Amino acid sequence: MEPGREQGLLRTDSIPEVGEDAAATVSMSETLSEEEQDELRKELAKVEEEIQTLSQVLAAKEKHLAEIKRKLGINSLQELKQNITKSWQDVTSTTAYKKTSETLSQAGQKASAAFSSVGSVITKKFEDVKNSSTFKSFEEKVENLKSKVGGSKPAGGDFGEVLNSAANASATETIAEQTQEETH
């Protein structure tokens, strides 16, 4: 086997780096004729010229683009806003975003249903307490207190009215006591 050739998976010759001069990649063991070297030099000059031309065309296009943007009144801030808007649209159109959004929506619905259920349970518990014998007994005691403090009024009314009248009666009683103390 010749030196500088592939041997299995191992390669013994050097691999040129990107941008290395074409003439530098020629192995010392290989000799190029004058004609081949001239041909490579011409090709090198042609490629460098093409790169130069492309760079000039790109610079001219960028200048033209900037001029169009200036005429349209597009500035860097507006471009940034447009880029962010487009990026956001790109994100929202992804499958991952849609799945996450859907999952969060379902979680919100389940949480809402759970809170509604908890509210119903609490309301039922309050109703159970209101209907319990202990609460009824307390309510009767408040009714008795009301009739003692407020005089003989017809029994009835809801529990809130009973509490309000009992509170008013005790407040009236306190004011009457203060008035008697001041006059003595």
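The values are calculated or read from the model by the stated rules, or taken from the named source; none is laboratory data. Given the structure is predicted, the values throughout are model-derived calculations rather than measurements. Cβ placement follows ideal geometry from the backbone for every residue including glycine, while neighbour counts extend to all protein chains displayed. Quick note on the areas: whole protein, heavy atoms, side chains included, nothing else; ligands and nucleic acids left out. Shrake-Rupley method; radii C 1.70, N 1.55, O 1.52, S 1.80 Å.
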Compute, for Thr94, the solvent-accessible surface of its heavy atoms (probe 1.4 Å) with the complete set of protein chains present, and express it in square angstrom to the nearest 10. 60 Å²
With Rh as the Kirkwood radius over Cα pairs, region 50-131 has Rg/Rh of 1.53
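First select every other residue whose beta carbon is under 12 angstrom from the beta carbon of Ser133; then total the charges, Lys and Arg +1, Asp and Glu -1.
On the way: positive: Lys130, Lys136; negative: Asp128, Glu139, Glu140.
Result for the local shell: -1.
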Radius 14 Å from Cβ of Leu54, net charge of other residues (Lys, Arg +1; Asp, Glu -1): -2
Per residue, in Å², the accessible surface of region 29-91 once ligands and nucleic acids are set aside, probe 1.4 Å: 94 Å²
Summarise the accessible area of region 98-148 (1.4 Å probe, protein heavy atoms) by the percent that is carbon and sulfur. 60 percent
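Note the full-extension length gain between Lys42 and Ala59 as 0.36 nm times their separation in residues minus their Cα-Cα distance, in nm to one decimal. Don't skip to the end; give the middle numbers.
Working: separation 17, 0.36 × 17 = 6.12 nm, distance 2.57 nm.
Answer, rounded to one decimal: 3.5 nm.
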